[in-house]
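Bear in mind that the values in this text are calculations on the coordinates, not laboratory data. Predicted, not measured: the structure shown is a model, and the values here were computed from it. Positions of Cβ are backbone-derived with ideal geometry, glycine not excepted, and every protein chain shown enters the neighbour counts.
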Amino acid sequence: MRRPGVGAAIATAALLALTACAAAEPSGPPPPRPVRDCNLTMIPKNTDNPYFAAVRTGMVDAQRELGGDLSFVGPAAGDVTGQIQRIQSGRQRGSCVIGISAVDSSAVAPALDAARADGSRVISYDADVSDGSRGLFVNMATADELGRAQFEILARAMGNTGEFGIVSSQSTAEVTNGWIDVMIAQLDEAEYSGMRLVRTSYGDDDAKKSYDAAVALLRAHPNLRGIMAPTPIAMEASVKAATDLGVADRVVVTGLGNPGNQAELLKTGQVPAYVLWSPRDLGYLTYYAAAAYTAGEITGRAGETFAAGRLGRKTIGPGGEVVMGHPITFTQDNVDRYLHDFETTG
Amino acid sequence: MTAQTTGRQSPTPVPAAVRRRLPSWFGTWEITLLALVVLAVALASATSPYFATGQNFSISATGALGLSLMVVPMAWLMVAGEIDLSVASTFALSATVFGLAVSGGLGTWPAIGLGVLTGAVAGLVNGLLVVDVGLPSLIVTIGTLGLYRGLSYVLLENRGISDLPPGLTTFAQENLPGTLVPYGFVAFVVVAVAAAVLLHRGALGRAVFAIGSNAQVARFSGLRVGAIKRGLFVFSGVVAAIAGIAYAGYISTVRASNGTGLELIVVGIVLIGGISMYGGKGSFVGVLLALLLVTVLTSWMTLGDAETAVQYMVTGLLMVGAVVVPALSRRLHMSRERRRSAGSVR
């Protein structure tokens, strides 16, 4: 006897049994809640990354000063579905604040909107989300400054002349694409008219792919004088590629580096200098901003200010953006002084 | 008591009677899965206050829509002894075509039509290569996995399309008004019940089982094996297209990277559901229970802030278990029989 109808009914009944509860009640603007009584869900792009481990250290610093319950959770590899799951568990826990460094600015927006409708406040840090889906964005430095700082190291090392290529992260990464746009705009300045960008390729923040992209770039352009790598993984891979092909003496590599695990690149002289900011301060500032936001001290309007502990008072700029400071250019002389900012033990 | 050579006529009549009463679509494996689901639900409810809520059902069911839909044709294909590893790439390609059509000014329904047509063609190509050229489906669909995904990247490059019709995003993100039952869940239940009834009751279902058991015999007994297999691949492509478009609505974004790696989870669920890799065996109820089990476990682990790596491991263990446990029990059963028949000879 085959009775498939009954079988399907059993399975669907099991699913429907979970729907016992009533529908959600309508929601207004969430009431202020002091951070001490709050759970904060802070979602990094990926957990398998010393950079975000240092961000977490900064958040824990701030948590010690302000109190509150911090859930720093994210997908192991940067994927949209994993981030959406974490947003939703924050929403279900009733987190006062959900903070996110978005892998994809538009794809996480619906989940964030749903969490806001349920009474969570949403902030982005490190990498922004679509306008309207967050109240605040804690930015490490402006895209303009970050693009210029990286470009200047390269230009100086190349003597403002010659061909260079870019090895970036994902072709869809909006933050790095923004810096690259700034760099390309710099080329129009008379000072840099001797420099020429030959190709932009993408290593997807994967060591092997970035290495292959750098090798392809070096092989295709024998006159190449420089590689711009606006992401730490691509920078390390490009250094290795230039060394392996025996062209390290004429090709300069720079871009974005992480002193937490890449101080050696500066000390051995393989990279003249690279740019970053303090991830620990970024985490610290994000936590302070979240605390001020949930307590109702700030609402995300331009001109509002809040106290950010050891970083002093910070002002919200246009578009709900809080800019932490200026990028730091690391060299072999100063890198050791900053190692505190990259500690990964929370 | 002389003829004790077959398992059905075991010396104790009670288990034999029980076994005979179990229908083919609800056997020991389905009972095991049901027990696991009950156990997982009980443990999750006991350990997380957010698990057994209507909201969690709504969130989990909404998020699982794309995956759940693709499980349906995969179950049919694997019963017929074939496999389609290109589903997640078809998922992305169809959504890409749909997204381009929408941004090109086509209406919602024509754009969906175009997306679904893309899926049908992608499925037909698989079907023609497998049936008419005579290549193994594993190899063909590994090839088209890369081909369809690559095509999506060629069409979209690094762009994302976020301006999607509100009707689609509502369908893919929201619940029936006044309830916690997502629209997508209702759609899935309709598809799943139809597929279950057809597979276990209809002539087509019987034909698919016959083909999976022995395609030669099926052909000699007058079944149109080629046509049915081709049809199954088209079915797989069409459903992957619908799933891909629905997922694009869920994250409000079409990107070439949508659903990367999803095919393995789909195949994993079908295997956990007890459908044999070699075709001809299994039940749709088992597959639905496996889908339920994986969804429940994922939700539970996410609510508990488990690392993504742990989530992969648990799903992996279940898959290995689904293959090993039945194989072991069969071996145990056979050795017991051998001993028994040896005893009766003596």
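Rounded to the nearest 20 debye, the dipole magnitude of the stretch A:143-276 is 460 debye, with +1 charges on Lys and Arg beta carbons, -1 on Asp and Glu beta carbons, and the Cα centre as origin.
According to the Kirkwood relation over distinct C-alpha pairs, the hydrodynamic radius of chain A is 21.7 Å.
Residues whose amide H lies under 5 Å from that of residue A:45, counting only those 5 or more places away or on a different chain, are A:101; hydrogens are built 1.01 Å from N in the peptide plane. Overall, the stretch A:54-117 carries a charge dipole of about 140 debye about its Cα centre when +1 sits on the Cβ of Lys and Arg and -1 on the Cβ of Asp and Glu, all other atoms neutral.
Rounded to the nearest Hz, the phi-derived 3J(HN,Hα) couplings of the stretch B:195-202 under the Karplus curve 6.51 cos²θ - 1.76 cosθ + 1.60 (θ = phi - 60°) are 5, 5, 5, 4, 5, 9, 10, x, where x marks glycine and proline. Residue by residue along B:52-60, Cβ atoms of other protein chains within 10 Å of the local Cβ number 6 on average. Look at the Cα gyration tensor of the stretch B:75-210: its axes a ≥ b ≥ c give a/c of at least 1.5 with a/b at or below b/c, and that counts as oblate. Is chain B rounded, prolate or oblate when judged by the Cα gyration tensor, a ≥ b ≥ c being the square roots of its eigenvalues, rounded requiring a/c under 1.5 and prolate requiring a/b larger than b/c? Since a/c reaches 1.5 but b/c is at least a/b, the shape of chain B is classed as oblate. Couplings 3J(HN,Hα) for the stretch B:210-216, derived from phi with the Karplus relation 6.51 cos²θ - 1.76 cosθ + 1.60 (θ = phi - 60°), are 5, 5, x, 6, 6, 5, 4 Hz, where x marks Gly and Pro.
For the stretch A:143-276, what relative contact order do you get, as a whole percent, if you take Cα pairs closer than 8 Å and at least 6 residues apart?
In percent, rounded to a whole number, it is 29.
Got a sec? Which residues in the stretch B:206-245 would a label at residue B:147 touch, if it sits 7 Å along Cα→Cβ and we count backbone N under 15 Å? B:233-234, B:237, by backbone N distance to the label point. Within the same chain, lysines fewer than 8 places from residue A:209 are excluded, and of the rest, those with a Cα less than 28 Å from its Cα are A:45, A:240, A:267. Each residue, residue A:71 and residue A:249, gets one label point 7 Å from its Cα in the Cβ direction; the gap between the two is 5.7 nm. Distances between placed amide hydrogens fall under 5 Å for residue A:253 paired with A:227, all partners being 5 or more residues away or on another chain. Distant-in-sequence amide contacts of residue A:40, defined by a placed amide H-H separation under 5 Å and a gap of 5 or more residues or a different chain, comprise A:69, A:70, A:71. Each of A:146, A:180, A:223 was scored by the projection of its Cα onto the charge dipole of the stretch A:143-276, and the greatest displacement toward the positive side belongs to A:223; charges sit on the C-beta of Lys, Arg, Asp and Glu.
Taking the Cα centre of chain A as origin and assigning +1 to Lys and Arg Cβ atoms and -1 to Asp and Glu Cβ atoms, the resulting dipole is close to 820 debye.
Can you compute the helix-only [θ] at 222 nm over chain A? Use -39500 (n - 2.57) per DSSP H run of at least 4 residues, normalise by all residues, nearest 500 deg cm²/dmol. Before the final figure, lay out the partial values.
Details: 10 runs with 133 residues, N = 346.
Roughly -12000 deg cm²/dmol at 222 nm, from the helical runs in chain A.
Averaged over peptide A:104-114, the number of partner chain Cβ atoms lying within 10 Å of each residue's Cβ comes to 6. Report, to the nearest 10°, how far helix B:225-250 tilts away from the longest principal axis of the Cα atoms in chain B, using its own Cα long axis and a range of 0 to 90°. Approximately 50 degrees, to the nearest ten.
Counting only other chain Cβ atoms within 10 Å of each residue's Cβ, the peptide B:252-259 averages 5. Spin-label pair residue B:201-residue A:299: with each label point 7 Å from Cα along the Cα-Cβ axis, the two points sit 5.8 nm from one another. Sorted from longest to shortest, the spans of the Cα atoms of the protein assembly as shown along the three principal axes equal 96, 61, 60 Å. For residue A:208, a cut-off of 16 angstrom between C-alpha atoms picks up these aspartates and glutamates, skipping any fewer than 8 places away in its own chain: A:236, A:244.
Below 8 Å, C-alpha to C-alpha, sequence gap of six or more: please give me the relative contact order for the stretch A:275-341 in percent. Mind dumping the intermediate values first?
On the way: 70 pairs, mean separation 23.3, N = 67.
Dividing the mean separation by the residue count of the stretch A:275-341 yields 35 percent.
Scattering from the stretch A:222-346 was approximated by placing one identical point on each alpha carbon and applying the Debye formula without solvent; log10 I(q)/I(0) at 0.09, 0.17, 0.18 1/Å stands at -0.36, -0.87, -0.92.
A Stokes-Einstein calculation at 25 °C with viscosity 0.890 mPa s, built on the Kirkwood radius of the stretch A:143-276 over Cα pairs, returns a diffusion coefficient of 173 µm²/s. Modelled spin-label separation between residue B:306 and residue A:220, with each label point placed 7 Å from Cα along the Cα-to-Cβ direction: 4.4 nm. Taking the fewest neighbouring Cβ atoms within 10 Å as the starting point, the ordered list for B:220, A:306 is B:220, A:306.
Using R₀ = 56 Å, calculate the FRET efficiency as 1/(1 + (r/R₀)^6) where r is the Cβ-Cβ separation of residue B:335 and residue A:181; round to 0.05. Before the final figure, lay out each step's value.
Working: r = 69 Å, r/R0 = 1.24.
That pair, residue B:335 with residue A:181, gives E of 0.20.
Bridgeable lysines around residue B:281 (alpha carbons under 20 Å apart, same-chain partners fewer than 8 residues away excluded): B:229.
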